[in-house]
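To keep things clear, I will list the structure first and then write my remarks on it.
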Amino acid sequence: MVRSAFVPLPGSEKSPLPGSKKVGPLPDDEQIEVSVFLRPRSPVPPPGDALAKPMTRRAFAQKHGADPSDIDKIVQYAKSKGLRVIDKDAARRLVILSGSHAAFCGAFDVDLARYARNGMRYRGRTGPIGVAPELSNIVQAVVGFDDRPAARPAIRPLIGAAATTFTGADLAKLYDFPQGDGQGEAIALIELGGGYQTADLQAYFKGLGISPSVTSVTVDGANNAPTGSLNDADGEVVLDIEVAGAIAPKAEIVVYFAPNTDRGFLDAVTQAVHDTTRKPSVVSISWGSPESQWTAQAMQAMSQAFQDAAALGVTICCAAGDNGSSDGETDNLAHADFPASSPYALGCGGTRLDASNGAIADEIVWNESSGGATGGGISDVFDLPSYQSSVGVPSSINPGKRVGRGVPDVAGNADPQTGYNVRGDGQDAVFGGTSAVAPLWAGLIAIINQKLGRPVGFLHPVLYRTPEGFRDITKGNNGGYTAHAGWDACTGLGSPNGVALLAALEKAAPSA
């Protein structure tokens with residue numbers, strides 16, 4: 001229970017994972033690091049109805065970054081409570097604090113303990129985070145107290161024999177991507193575990209006759225650390241790199257490695273979006289989890305980071321999940337996957353694609369009998385955005401029949417039976433999942449940015465007015481929702497028709 005000396009931080013309430021057992025208190029001297037996100041100096045305007053001219057990162061920091069006086073107040077307060085300031089970044093509106101469990105309890109009134117669930121141990125908290133009254137209108141989110149896994153990779157290994165397999169370059173041809181190689185662009189990949197071996201990437205790309213540039217960035221102490229388990233995080237990492245690299249081989253592929261916590265996820269996204277060195281124009285995220293597993297403050301902070309990206313001309317591509325309309329939950333309800341459900345994310349759903357003689361023979365909703373299926377549905381958190389107001393987004397199949405943000409926006413091949421050839425941990429494999437669709441779209445957007453000579457950024461309004469830019473998927477279902485003509489909660493607007501999409505964006509975009 002929060003004491004009267006503190007103000008509960010809205011949306012910060014948290015409970016232990018279902019089935020968790022409290023196994024003991026946290027030692028007072030245990031060291032913790034948290035990220036404190038602050039209000040913007042002036043509100044970031046929502047993106048308009050056309051491809052707006054992006055702000056520079058410097059101009060954004062000056063106009064919409066944290067006010068220096070707000071940062072000073074946080075720093076002074078932290079020091080008065082025995083906490084250390086590890087970093088502060090006005091553009092990201094971020095202050096990173098470190099200190100003992102006891103000091104953080106005195107500064108934020110948190111209730112922390114050690115929990116166990118199915119062999120996993122994590123530091124957890126219950127109830128809200130308390131904020132000093134003088135900081136309550138400054139602090140928007142505090143993440144890092146709880147270190148449970150925040151997301152899972154949307155990846156599916158092939159089981160049995162494949163019907164056919166593809167590389168990213170093969171699919172770029174089938175989807176009629178424009179001629180281009182991504183020269184001058186940077187694609188950011190967010191990874192919450194695992195890693196890659198340079199030798200694997202070199203061998204894979206040598207087989208395609210290309211040699212993309214791949215670099216890694218450390219976030220919150222995480223780094224490129226292959227586990228040797230290709231069917232888990234390592235597979236996700238190499239799938240993302242090899243799909244994006246095969247499509248846009250001259251783009252710089254930048255992999256941001258972060259811990260799999262809500263703090264690590266947020267810090268990786270904000271670091272990529274505000275990276276003034278590499279300046280990515282598109283971010284691909286293949287990790288997510290049901291909205292019900294997130295706190296409101298973390299979802300709001302992530303969606304705010306995506307809104308920041310829109311202002312900067314950065315496109316965010318997010319996998320829509322691989323567990324059908326339930327998103328893997330067992331409560332007999334439909335769930336949308338976050339962060340794909342943010343209205344500022346390009347949610348990427350999955351199809352099964354069959355090709356013959358170098359052309360698409362058939363494409364339907366990805367839904368395997370073994371259980372893997374594209375995510376998609378209606379958000380329980382985010383309202384229906386204006387760009388979806390005229391495409392017939394249905395009410396949720398859940399009780400209450402809410403009409404909210406519909407997921408996904410777009411789709412692409414995701415069935416492991418028609419999956420992607422990859423190489424990692426010294427072996428070749430085939431993977432599917434909507435985590436392949438996010439880097440597929442990221443590669444396409446990098447090429448489009450190259451062709452336009454400027455980033456498309458938040459392109460949703462144009463997409464929803466451009467049916468010719470898509471192959472409409474009208475067959476199949478993801479459990480709770482069924483495909484039909486036009487937008488649906490399985491494959492969104494459909495899979496890409498790259499050249500037609502570029503033509504539509506050329507008409508919509510101001511000249512460079």
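The values are calculated or read from the model by the stated rules, or taken from the named source; none is laboratory data. What you see is a predicted model; the values in this text were computed from it and never measured. Cβ placement follows ideal geometry from the backbone for every residue including glycine, while neighbour counts extend to all protein chains displayed.
Observations
The rows are residues; the columns are (1) touching a Gly at 6+ places or on another chain (Cβ under 6 Å); (2) over 26 Å from Ala508 (Cα atoms).
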| site | (1), (2) |
| --- | --- |
| Arg454 | no, no |
| His460 | no, no |
| Gly469 | no, no |
| Asp472 | yes, no |
| Asn478 | yes, yes |
| His484 | no, yes |
| Trp487 | no, no |
| Cys490 | yes, yes |
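- Leading residue by the ranking (nearest to Tyr115 (Cα to Cα)) among those in the stretch 149-178 that are touching a Phe, Trp or Tyr at 6+ places or on another chain (Cβ under 9 Å) and in a loop (DSSP other than H, G, I, E, B): Pro149
- The set of residues in the stretch 45-77 being crowded, with 20+ Cβ neighbours inside 10 Å and at pLDDT below 95 consists of Pro47, Leu51, Pro54.
- Test: residue in the stretch 24-41 that is surrounded by fewer than 12 Cβ atoms within 10 Å (Cβ to Cβ) and free of Cβ contacts under 8 Å to residues at least 24 places away in the same chain: no
- The condition of being crowded, with 21+ Cβ neighbours inside 10 Å, in the same structural domain as Gly372 (by TED's automatic domain parsing) and touching a Lys or Arg at 6+ places or on another chain (Cβ under 8 Å) holds for only one of Ser495, Ser435, that being Ser495.
- For the stretch 114-142, a residue qualifies if it is in a strand (DSSP E or B), of a type outside the set (Lys, Arg) and touching an Asp or Glu at 6+ places or on another chain (Cβ under 8 Å), and the qualifying residues are Tyr122, Gly124, Gly127, Gly130.
- Residue within the stretch 468-484 that is at pLDDT 95 or above, closer than 27 Å to Ile253 by Cβ, touching an Asp or Glu at 6+ places or on another chain (Cβ under 8 Å) and part of a loop (DSSP other than H, G, I, E, B) present: no
- For the stretch 250-266, the criterion of being in contact with a Leu (Cβ under 9 Å, 6 or more places away or on another chain) and hydroxyl-bearing (Ser, Thr, Tyr) is satisfied by at least one residue.
- Qualifying residue in the stretch 4-20 (condition: without any contact (Cβ under 8 Å) to a residue 12 or more places away in the chain, polar (S, T, N, Q) and in a helix (DSSP H, G or I)): no
- The residue of the stretch 127-168 that is modelled with the lowest pLDDT, among those that are more than 21 Å from Val36 (Cβ to Cβ) and over 25 Å from the mean Cα position of the chain (by Cα), is Ala162.
- Extreme residue, nearest to Leu459 (Cα to Cα), among residues of the stretch 284-300 that are part of a strand (DSSP E or B) and out of contact with any Cys (no Cβ under 7 Å at 6 or more places or on another chain): Trp287
- Of all residues making up the stretch 21-42, the number that are in a loop (DSSP other than H, G, I, E, B), farther than 23 Å from Phe265 by Cα and not basic (Lys, Arg): 5
- Condition broken by Thr474, with the remaining ones in (1) among the β-branched types (Val, Ile, Thr); (2) more than 24 Å from Ala52 (Cα to Cα); (3) out of contact with any Ser or Thr (no Cβ under 7 Å at 6 or more places or on another chain); (4) buried (at least 20 other Cβ atoms within 10 Å of the Cβ) satisfied: (4)
- Only residues that are exposed (fewer than 13 other Cβ atoms within 10 Å of the Cβ) and within 17 Å of Gln140 (Cβ to Cβ) were counted across the stretch 78-88, and they come to 0.
- When we screen Ala141, Ala161 for residues that are without any contact (Cβ under 8 Å) to a residue 60 or more places away in the chain and either surrounded by 22 or more Cβ atoms within 10 Å (Cβ to Cβ) or touching a helix residue (DSSP H, G or I) at 6+ places or on another chain (Cβ under 9 Å) (or both), the only hit is Ala161.
- Leading residue by the ranking (surrounded by the fewest Cβ atoms within 10 Å (Cβ to Cβ)) among those in the stretch 207-224 that are in a strand (DSSP E or B) and under 18 Å from the mean Cα position of the chain (by Cα): Thr218
- A residue that is free of Cβ contacts under 8 Å to residues at least 12 places away in the same chain, out of contact with any His (no Cβ under 8 Å at 6 or more places or on another chain), under 27 Å from Pro153 (Cβ atoms) and of a type outside the set (A, V, I, L, M) cannot be found anywhere in the stretch 385-400.
- Scan the stretch 1-47 for residues that are more than 30 Å from His460 (Cα to Cα) and among the aromatic types (Phe, Trp, Tyr) and the total you get is 1.
- Residue match in the stretch 100-113 (condition: free of Cβ contacts under 8 Å to residues at least 60 places away in the same chain, surrounded by fewer than 20 Cβ atoms within 10 Å (Cβ to Cβ) and either in a loop (DSSP other than H, G, I, E, B) or in the same structural domain as Pro461 (by TED's automatic domain parsing) (or both)): yes
- Qualifying residue in the stretch 420-433 (condition: over 25 Å from Ala199 (Cβ atoms) and either over 17 Å from the mean Cα position of the chain (by Cα) or in contact (Cβ under 8 Å) with a residue 60 or more places away in the chain (or both)): no
- Of the candidates Leu505, Leu440, the single residue that is in contact with a Leu (Cβ under 7 Å, 6 or more places away or on another chain), over 24 Å from Gly48 (Cβ atoms) and assigned to a helix (DSSP H, G or I) is Leu440.
- Among residues of the stretch 275-290, those that are touching a residue at least 60 places away in the same chain (Cβ under 8 Å) and surrounded by fewer than 24 Cβ atoms within 10 Å (Cβ to Cβ), counted: 5
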